[in-house]
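See structure below.
All of the numbers you see were taken from the coordinates with simple rules; none came from a lab. Predicted, not measured: the structure shown is a model, and the values here were computed from it. Note that we place each Cβ from the backbone using ideal geometry, even for glycine, and neighbour counts take in every protein chain shown.
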């Protein structure tokens, strides 16, 4: 009966047909589910590039390019859920929106487009800014969130799975707009800053301030500054305490396990794991992996970080391993090694999982604080600020942290006058020197 057995196996075509019919039935009967609101798109929609579509939101605007504007309703739900755990950012929005401190600012942004980032973007708009936005990573965009932003009138040019050509096209569409010229840049990775500097030098010279939140982008800014080519003041968010201690450490500690489990379904207990580097990101990864019973080993070139790793984990290896990454699965018959490159070597936590909303609330509030600081740069007389890279003032760092304490029902201990005098501090801060990281 072999023939009967083989005929019972469904073909790929029939499987696709069943899946499409199932998706339709789910979308009709369960409008509250993820698949009905966000995942389902017909085959023609999946095959067509967003650049080739003509889409219009409910306000009649077509100044955007997203995967499917019809996903806006579900994206709005995700944004509302994110707002519940970003009360500090919402509080900042309510405090300042009456004053409109960002009125007159044209902000072009290039960040990950997630529900949490959408809360930040809508906060900037509420504070009076006009924004145009694109994604800094071709895989991290939440399509439904991008659609929700486009529906509210924010020009968004991003979708998950962009090609390299799409990536730069989206950046150009954000910058190159008739009747609109950016005067502030909010960047993650430095690609937007690089594009404006190279392609639109006249626009770059008129920018009043740049906010950069990634180590890569900050490095590129310092390179421009060192070469004498940075003609605008820039803010380095990455080296702020709230970014280093919370986003880099706790964000990766939470999301590394989620991303690995979703993509590999492995059990971590007893696994031998090599973590390259023991900075704030490495510390978070090691803490999470060790907590689940993994045998963690660290490679490090910095003796200070290596000593920290030795106090937490043993052994600690100095130097680098040669890394051979493959896009497909690779089997080595002799050693029986299974090697898989997840997310094509890009950001695992945003491409294969998500990141904690509360942690991003801290980072996003820092960005808004920087945006408010850039209002000073925007309105300052010529010559007050040098064309250089600035660190976030410690007072602002502490203000961002204080906004999040009520969430934990935490209260600060207040110094007495005698204690403050002895320590040489103001009772209201800042409590740490500017070089504290």
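For the range 63-95 and the range 404-428, compute the distance between their C-alpha centroids and round to whole Å. Here the two parts' Cα centres lie 35 Å apart. Working from Cα pairs under 8 Å separated by at least six residues, relative contact order for the range 85-128 is 62 percent.
The fraction of all Cα pairs in the range 176-221 landing in successive 10 Å bins from 0 to the largest distance is 29, 57, 14, 1, given as whole percents.
If you average the alpha carbon positions of the range 279-298 and of the range 169-217, how far apart do those two centres end up, in angstrom? Between the Cα centre of the range 279-298 and that of the range 169-217, the gap is 36 Å. Its residue count N fixes a reference of 2.2 N^0.38 Å for the range 130-191, and the Cα radius of gyration divided by that reference is 1.07. Take every Cα pair under 8 Å whose residues are at least 6 apart in sequence, average their separation, divide by the length of the range 105-179, and the relative contact order is 32 percent. Cβ-to-Cβ counts within 10 Å put 245, 205 in ascending order as 205, 245, the fewest first. Shape analysis of the range 65-141 based on the Cα gyration tensor places the equivalent ellipsoid semi-axes at 22, 16, 11 Å, largest first. Across the range 367-437, the relative contact order, built from alpha-carbon pairs under 8 Å that are at least six residues apart, equals 33 percent.
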